[in-house]
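Read through the structure below, which is laid out as structure tokens, and then see the notes.
The values are calculated or read from the model by the stated rules, or taken from the named source; none is laboratory data. Note that the structure is predicted; figures quoted are calculated from it, not measured. Ideal geometry is used to build each Cβ from the backbone, glycine not excepted, and the neighbour counts take in all protein chains shown. Just the protein is used for accessible areas: all its heavy atoms, side chains included, with ligands, DNA and RNA removed. Shrake-Rupley method; radii C 1.70, N 1.55, O 1.52, S 1.80 Å.
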Amino acid sequence: MRQHDYAPRPAHIKWLVDSDPAIRWQVMRDLTGEGAQAIAAERSRVATEGWGAQLLARQSRAGRWGGSPRGWRGDLPKEHRDLLSTLYSLSVLMDFGLDPACKQARTMIDRVDKRVVFKWLNHRPYLCGETEPCINGRILGIGAYFQKPNDALAHQLLDEQLEDGGWNCEAPKSRRSSFHTTICVLEGLLEYERAGRKSAAVTKARKRGENYLLERRLFRSLRTGKVINKRWLRFSFPTFWHYDVLRGLDYLRIAGIKPDSRVREAIEVVIERRHQNGRWPLNLLHPEFIPLKMETDVGGASRWNTLRALRVLSWYNS
């Protein structure tokens, strides 16, 4: 692969920036290398314009996001559905890059911290987490990103790491790790470290989790070499709890991992997913719910997937 074959073209950049502030500021940071002041100015608009402002406005005074459509997770009580919508909405605000220091973010996370609880866990505060590592990994990351890191939750996740280096919500029944759970925990631990909670134990656990993904080339069985799940070769946004190759690669990029031969096949998958117009489509739309409609339908060109793919290719070719 040659770097110039996959560098973003001016037309691609123009299409990306002709969009929402949540995408535009990340293009400026990751693809065009704008100055810090210009990037910060554009990032500040996430709280007051477009998708970020819309999603913030849909938080209730009780701290939650609700409004799930009839039929979505009808197997769960409304209380549980609202807490899942809250988890997904907070995760998407992180994806948007909402400035955690802005007044809108402080108001939002203070509502969550003071008012949202897991009633069935003796009213445990939301940012203290619950029982499943796939959820707790994201809650750890959310708390750390919005300046409320939870040390006890981080230590709980370290204790739940399996022998193969990953995590699984089905443990202890299953001792084999899940890609879905592992990526959620890895993202949370990385955010926790970036919030100033770096320690030898956390770093060691995170490196073991990264090796779990890399040893499997990000999508292959370690035992047979076969593709574990073909859905992982198709890209979505938001990803919610679902793993896919692009999400795995973008995590490695953010973590500062130096790419090597173990990611080559995954990079080829990203390249193959690009359409002839140089854009990446939305291959999948997962059934999980947030009260916000973004960009495109399945099959249409996705600015989110295009941004993420271009910066992953830039990382690989750097």
Sparse-neighbourhood loop sites, trypsin sites (Lys or Arg not before Pro) in the stretch 146-221 - DSSP loop, at most 13 other Cβ within 10 angstrom: Lys173, Arg175, Arg176, Lys198
The orientation-averaged projected area of the Cα convex hull of the chain, in nm², is 16.2
Output the relative contact order of the stretch 1-151, whole-number percent, from Cα pairs under 8 angstrom with separation of 6+ residues. 18
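Using the Cα atoms as the points, what is the convex hull volume per residue of the stretch 10-106 in Å³?
Looking at the stretch 10-106, the number lands at 112 Å³ per residue.
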Which residue fluctuates most in the GNM of the chain (Cα springs below 10 Å): Val185, Val46, Val116? Val116
Taking the stretch 115-157 as the region of interest, what is the percent of Cα-Cα pairs per 10 angstrom bin, listed from the shortest bin to the one with the maximum distance? 32, 60, 9
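Leaving out ligands and nucleic acids, note down the accessible area per residue over the stretch 53-123 with a 1.4 angstrom probe, in whole Å².
On a per-residue basis, 50 Å².
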The stretch 107-179: spread of alpha-carbon positions along the three principal axes, whole Å, largest first, is 40, 26, 18
Roughly what percent of Cα-Cα pairs across the stretch 138-194 reach past 13 Å? 56
In whole percent, how big is the carbon plus sulfur part of the accessible area of the stretch 44-91, probe 1.4 Å, protein atoms only? 51
If I compute solvent accessible area with a 1.4 Å probe over the protein chains, what percent of it on the stretch 232-307 is carbon and sulfur? 46
When the helices in the chain are scored as -39500 (n - 2.57) per DSSP H run of 4 or longer and the sum is shared across all residues, what 222 nm value do you end up with, to the nearest 500 deg cm²/dmol? -15000 deg cm²/dmol
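With N set to the residue count of the stretch 237-318, report its C-alpha Rg divided by 2.2 N^0.38 Å to two decimal places.
Normalised Rg, Cα atoms only: 1.11.
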Over all distinct alpha-carbon pairs, what is the Kirkwood Rh of the stretch 164-289 in angstrom? 15.4
By the C-alpha gyration tensor axes a ≥ b ≥ c (rounded if a/c is under 1.5, else prolate when a/b exceeds b/c, else oblate), the shape of the stretch 185-244 is oblate
Tell me, Kirkwood radius of the stretch 35-192 from alpha-carbon pair distances, in Å? 16.5
Only Cα pairs under 8 Å and at least 6 apart count here; give the relative contact order of the stretch 107-223 as a rounded whole percent. 22
If contacts are Cα pairs under 8 angstrom and at least 6 residues apart, what is the relative contact order of the chain in percent? 17
Only helices at least 15 Å long along their axis, Cα-based, and averaging -1.0 or more on Kyte-Doolittle count here, so list those DSSP H runs from the chain. 78-96, 133-145, 179-192, 200-215, 303-317
Shape verdict for the stretch 70-128, please, from the Cα gyration tensor: rounded (a/c under 1.5), prolate (a/b greater than b/c) or oblate. oblate
